[in-house]
Every structure is written in structure tokens, then in C-alpha cells.
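Accompanying notes for the structure given below.
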Amino acid sequence: MKTLMGEFARFGSVGLLVTLLGASLIFVFYNVLDLGYWGSSATAYVLASLISYKLNKGLTFQASGSWKKHLPKFGITIATCYLIAYSMARPFIYQALKSEGLSEATRDNAALLLGIVTFTGLNFLGQKFWVFSKPRKEHSGGNHISKSS
């Protein structure tokens, strides 16, 4: 449990840095460059994910091994978390705020913020338990049930 909390704290620190960078990019891409909801969030996540991979592999999870082992899983995790978070965020926010009379840009900004939060939680779980998971240690002695032929 102590290791999990330490990893979560390191993930939080790295995540805070990468999230601030990614969120800044998202809102600049959406509000200044007018890339739209999907274009803004996807472009920012690709850029921020490159930094996230390097920092999380080395600092957060202290994973060893080749990038060939981790990078495909990392990409799948990022893509899956992104699609889940942003596909649910916009409809949820639009439904929740439909009677508030807010502009599309305001609702999209709220949806982008919800997507950021949702993505972060899903991403931690995916990276911890799949991308950078450590091999399980075998138990010695004790309570093993063995199969006999």
C-alpha cells in the first residue's frame, strides 16, 4: 500500500506538470487557434503524452525495460483513456448544463475540463496496472494447491 501511495504521489506530481501543460495547450488550441473540441484535445494530448511517457516510465513507476515493451501499451492506454474521457465528458456537460443558457464555447470548456479530470484518473490506473506493471512475485512455501497428474 505504501508503494502504491508513493507511486500515486509521484504520478500526481508528474501528472500535475503534464496536465498543466496539456490543459494550457487544449485551451489555447480551442480558444485561440479555433481547432475545435476534438482537434484541440487530441493535439494537446499527443504532445503532452510524449512528455508523460518519459517522466512516468523513469520517475513515477521506475520501470525498466525497452521502450518497445512499454510504448505500444502506453499508446493504447492513452488512446483508450482519451476516447472514454472525452466521449463521455461532452454529452454529460451538455446534458447537465442544457437549461443554463450557456454558450457552446462555455459548455465545451467545461467538457474539456471534465475530460482532463476523467482522463487523469483512468490514465493512472492503466499505466500502473498495465503499462508499467511489475511482474508478480511468486510466493514461497505455504498455501499452494498443486495439481498432480
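Just for the stretch 11-44: of the residues that are touching a residue at least 60 places away in the same chain (Cβ under 8 Å) and closer than 23 Å to Phe132 by Cα, which one is surrounded by the fewest Cβ atoms within 10 Å (Cβ to Cβ)?
Thr19
Mind checking whether some residue in the stretch 41-52 is modelled with pLDDT of 90 or more, over 14 Å from the mean Cα position of the chain (by Cα) and over 30 Å from Thr3 (Cα atoms)?
yes
Restricting attention to the stretch 111-128, and to residues there that are farther than 20 Å from Ala9 by Cβ and of a type in the set (Gly, Ala, Ser), which single residue is farthest from the chain's Cα centre (by Cα)?
Ala111
So how many residues does the stretch 63-82 have that are surrounded by fewer than 13 Cβ atoms within 10 Å (Cβ to Cβ) and either of a type outside the set (Lys, Arg) or in contact (Cβ under 8 Å) with a residue 60 or more places away in the chain (or both)?
Residues that pass the stated criteria total 5.
Restricting the search to the stretch 113-132, which residues are crowded, with 21+ Cβ neighbours inside 10 Å, aromatic (Phe, Trp, Tyr) and within 11 Å of Phe74 (Cα to Cα)?
Listed by number, the list holds a single entry, Phe132.
Would it be correct to say that Gly58 is more than 13 Å from Thr120 (Cα to Cα), modelled with pLDDT under 85, more than 12 Å from the chain's Cα centre (by Cα) and not in a helix (DSSP H, G or I)?
no
The values are calculated or read from the model by the stated rules, or taken from the named source; none is laboratory data. Treat the numbers as computed from the prediction; the structure is a model and nothing was measured. As a convention, Cβ positions derive from the backbone with ideal geometry for all residues, glycine included, and neighbour counts pool all protein chains shown.
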